[in-house]
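This report concerns only the one structure given below.
The values are calculated or read from the model by the stated rules, or taken from the named source; none is laboratory data. Note that the coordinates shown come from a computational prediction; the quantities given were computed from them, not determined experimentally. Positions of Cβ are generated from backbone atoms using ideal geometry, with glycine treated the same way; all protein chains shown enter the neighbour counts. In case anyone asks, the SASA skips ligands and DNA or RNA and just uses the protein heavy atoms, side chains included. Shrake-Rupley method; radii C 1.70, N 1.55, O 1.52, S 1.80 Å.
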Amino acid sequence: MSQQPASRNPDAERAADTATAEAMVARALDAARAAGADSAEAGASLSRALTVSVRNAEVESLEFQRDRDLSLTVYCGARSGSATTSDWSDDGIRGAAEAAVAIARASGEDSCNGLPDADRLATAFPDLDLFHPWMADADDAVDLARRCEAAALAADERIGQSEGATLDTGRGVAVLGNTLGFMGVSAGTRHSLSCAVIARAGDEMQRDFWYTAGRVPGALITPEAVGRRAGERAAARLGAARVATRRCPVLFPPELARGLWGALAGAASGGVLYRRASFLLDRAGTTVAAPHVHIEQQPHIPQAVGSAAFDEEGVATRPRALVEAGVLQGYLLSSYSARRLGLETTGNAGGAFNLAVRPTFDGGLEALAREMGEGLLVTELMGQGVNTVTGDYSRGAAGYLVRGGAIAEPVDEITIAGNLLDMLGDVQAIGSDVDVTSGVRSGSVLVGAMTVAGA
């Protein structure tokens, strides 16, 4: 998709917002000290966004947003307190600091509280090329959304109803600082275009959607391509039926496969581990996936959705293996969770930064379907999914049966179930059709066997 004219001067706005946020953070830290805090960290953010939704070619909603927030966490000995405010006046900042200190003094002591160790804070700030503003003109945004919806409605004569097309574009600046002298700036953009339509045949109706997303407008697929894909997906689901309960291979496309790896990362996160609420407790150094599974954190990929030079505490991010040859190499820890576990922070306050799953198979969905032979291709999942304590996995699903290596008739109203450790241990192949629109970069994933419950 070609880049449209951005706002008046986004680079100048970015510079001004950065200077404003840095000043707010410095003022908040000074106010925290004045209120009696021993140490503190503060974050300030300013963002702008445009959201347009059209339905049946009519504008359904149009929103311009401009937000600013200031958060402050203070430490009084081993006690902590936090406050947030959008009032950036002297009184507003002073009031937030005094509230945070009052909360800290009323809280219980926790020896794990405190700022990160100074030697873990980021000192290098690579240019990750994350700031690529798009349009600010509402008319242009409406036109793109209309083009997307029109393409969806024209994709198949059975498309009889639209749920609309939505374009989102946003940009923002965030500054994080603490009383150890750290001050870090991050600026980024995020854009998306999506469309959902309903296909009809007699009394049957089937809904589906498609989307494109990323930081760089020029990397998005065209509105026509998004709409056409949404329409084709909806029409292809007509005639869906339930299937008899069986145990068979299951193929996850990239946009759904990332949920498997995301669930694994969630279970490897410090918050659930120190609460002893994770199926990966005490599993570091043990096998958690098939031997050909390799997952790396790659936090410094230019223009990537999950890229960052530092985590939510200011600790430097670094490339690292999370899973190597199926073996869990370690956890995803903040300073607090690391102290609770008797370990060291991994620079993952706020989660993982660009988890990249290494492909093992040269090909995408159709090639993996041929490899699978017989089984189920899922295209939609519903429900919560994974029980983080036990690893049990159960999702409502819809998709297609695969027969003789070919994608065949649609199915719906089914449930797929298993245990995530068993599923990851039974990964047969990971496709090369990697989806880069999220912080988990994965191709299609073929799982050797799951329970598929139907009629």
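Here are a few things to note about the model shown:
- For the range 274-360, trypsin sites (Lys or Arg not before Pro) meeting the loop criterion (DSSP other than H, G, I, E, B) and having at most 15 other Cβ atoms within 10 Å: Arg275, Arg276.
- Taking only alpha carbon atoms, the range 129-262 gives an Rg to Rh ratio of 1.13, where Rh is the Kirkwood radius.
- Each eigenvalue of the Cα gyration tensor of the range 305-455, multiplied by 5 and square-rooted, gives one semi-axis; in descending order these are 33, 18, 14 Å.
- Remark: the chain carries 42 Å² of accessible area per residue (probe radius 1.4 Å; ligands, DNA and RNA excluded).
- Of all accessible heavy-atom area on the chain, the percent that carbon and sulfur account for (1.4 Å): 47 percent
- Computed over the chain, Cα set: Rg, Dmax in Å: 24.2, 72
- MRE, 222 nm, helices only [DSSP H, n ≥ 4, -39500 (n - 2.57), over the chain, to nearest 500]: -8000 deg cm²/dmol
- Using the Cβ of Gly177 as centre and a radius below 9 Å, the other residues enclosed give a net charge of -2, where K and R count +1 and D and E count -1.
- The Cβ shell under 15 Å around Val315 holds other residues with a net charge of -3, Lys and Arg each +1, Asp and Glu each -1.
- Average silhouette area of the range 219-320, convex hull of alpha-carbon atoms, in square nanometres: 11.2 nm²
- The range 145-167 and the range 171-206 have Cα centres separated by 22 Å.
- The range 10-64 and the range 227-248: distance between their alpha carbon centers, rounded to Å: 42 Å
- The range 1-122: projected area of the alpha-carbon convex hull, averaged over directions, in nm²: 11.8 nm²
- The chain: relative contact order as a whole-number percent, Cα under 8 Å and 6+ apart: 15 percent
- Spatial separation of Cα centroids for the range 290-321 and the range 324-385, in angstrom: 12 Å
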